[in-house]
Amino acid sequence: MIDHEVRVHPSADRLPRPEQLAWKLAAVATGTEEATGLDPDAAAMAVNRVVDNAAVAMASLRRRPVAVARAQALPHRVQGAGNPVAGGSGAGGSGTENPVPGASVFGAEPGVRVSPEWAAWANGTAVRELDFHDTFLAADYSHPGDNIPPLLAVAQHTGRSGADLLRGIVAAYEIHVALVKGICLHKHRIDHVAHLSAATACGLGALLRLPTETVYQAVQQAVHTTTATRQSRKGEISSWKAYAPAFAGKAAIEAVDRAMRGEGSPSPVYEGEDGFLAWLLDGPDAAYTVSLPEPGEPSRAILDTYTKEHSAEYQAQAVIDLARRLREKAGPLDRVREIVLHTSHHTHHVIGSGSGDPQKYDPTASRETLDHSVPYIFAVALEDGGWHHERSYAPERAGRPETVALWRKISTVEDPEWTRRYHDPDPLRRAFGGRAVITLADGSVIEDQLAVADAHPAGARPFDRAGYTGKFRTLAEGIVEPAAQETFLDAADRLAELDAAGLGALFPAVDTEAVAAYDTTLPKGLF
């Protein structure tokens, strides 16, 4: 790996493009090896994440934000066949014939194709809605699986193969992880999708074999247009939490399209004296280090990321497993006087009582708020001994008097040791859990701790292909017929071998009449 220093430069420096972070990101992406030359473990993990995304998308199809995003996308249908794929000077190749332009939408009829940026919008929302897919936590937060919907949409639209898609996914993860390790957005209350859009633009560049210059311009446009505050994940959290990454993916596709047509961007977007670092992050005197693979080094950052066994914010994964383990030790919960979770700075301030958000203790709060409330999550997991992506968030579940009483006895505190472990440079020693101290009415104390979730690579039951497949089958039950489940899983297993037409099999066949019937109950918008 090469450590790149990134700092603010005055305009008079005329910082050469090869010295700019956006160019370095683009160069790594456009140098990503052929799918046949990808690190085999990284390629296998990319397949796992395609399965993971489809699983959580199937479970969210009849949730309102997903239905709204789908309703917005479906009017933007693409007609016609035999359209030439952009090539030559734009795509860095000769171009091929694309028999079916457009991209598929989860939950729509199999033959329906919409413009790729709108497919990315609908599918990205479906993937993100339940807060149930993969994560990477370091200096900042991320859900790198959010890169996959826009990459898949563009791969379909441009007639690319499964091998091309794999190359794009691995490249996007490499860039995303590097940015999340090197540049913290959260402490300045900037939403993490600014890193996502840069990664997606790079993944699209790798997928399409675009010139480095084109990807460089697209990265800067994407970052400039998707930088927003973290209010989407604060206080009264709304459905925009699911839409924000989908918007970043849509914006990245549009940025790539403009860059392919020769349009420029705000440069240098990171290092400029009126740019991203100078005014939105640590200021004009700041310096960051972003580590990127050297030429020829395999892209393996996807292996540092991890998925979720439970539908909740990642810092709550180990807390749910800890509660499940503590349930028998705790005994009757009406004996509990107080529960304190000793945990990291991030957990305490983002999803704990250190956030200062009264909504985190509100039984009428939205699902989006409850899945970012570790006191609520610990209370329900302690009572139920497990977690369910729907039942655990039902209004009647959140409103149970005994649950509310227990919930309001739970608080979090930051423990410097857990904060240190959260940022451990060794991925297998990094900890995202905490220590629970339960004080009973008689003054006795029960304690236990868990560093990582059971499904984490360093956990008690690390997810493997069987874990991802099992998660898909569980979440697809009642939505995707067993035969259609097998068709999807077979296609995912053969992703590197799929041709352009075969990518359609990555969209599991569902009862589209039932989905469409739900969609008709929604208010109409502009489209």
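Throughout, read-outs are computed from the coordinates displayed, never taken from laboratory work. Because the structure is predicted, anything quoted here is derived from the model rather than measured. Glycine also receives a Cβ, built like all others from the backbone with ideal geometry; neighbour counts cover every protein chain displayed.
Taking the stretch 193-217 as the range and being outside any helix (DSSP H, G or I) and surrounded by fewer than 24 Cβ atoms within 10 Å (Cβ to Cβ) as the test, the residues that pass are 209, 211. Does residue 337 satisfy the criteria of being surrounded by fewer than 23 Cβ atoms within 10 Å (Cβ to Cβ), basic (Lys, Arg) and touching a residue at least 40 places away in the same chain (Cβ under 8 Å)? When the stated conditions are applied, residue 337 passes them. Scan the stretch 8-32 for residues that are under 27 Å from the mean Cα position of the chain (by Cα) and buried (at least 17 other Cβ atoms within 10 Å of the Cβ) and the total you get is 12. Taking the criterion of being under 19 Å from residue 222 (Cβ atoms), part of a helix (DSSP H, G or I) and of a type in the set (Asp, Glu), the only residue of the stretch 153-192 that qualifies is 174. Among the residues making up the stretch 494-511, those that are surrounded by 15 or more Cβ atoms within 10 Å (Cβ to Cβ) and in a helix (DSSP H, G or I) are 495, 496, 503, 504, 505, 506. Counting only helices (runs of 4 or more DSSP H) wholly contained in the stretch 367-417, the ones carrying 1 or more residues that are farther than 19 Å from residue 441 by Cβ occupy 367-370, 374-384, 395-398. Would you point out which residue out of 527, 488 is part of a loop (DSSP other than H, G, I, E, B), of a type in the set (Phe, Trp, Tyr) and under 23 Å from residue 109 (Cβ atoms)? After applying the criteria, what remains is 527.
Check the stretch 206-223 and report whether any residue there is charged (D, E, K, R) and within 29 Å of residue 7 (Cβ to Cβ). Yes, some residue in the stretch 206-223 is charged (D, E, K, R) and within 29 Å of residue 7 (Cβ to Cβ).
Kindly indicate whether any position in the stretch 278-288 is within 15 Å of the chain's Cα centre (by Cα), small (Gly, Ala, Ser), over 20 Å from residue 177 (Cβ atoms) and not in a helix (DSSP H, G or I). Within the stretch 278-288, not a single residue is within 15 Å of the chain's Cα centre (by Cα), small (Gly, Ala, Ser), over 20 Å from residue 177 (Cβ atoms) and not in a helix (DSSP H, G or I).
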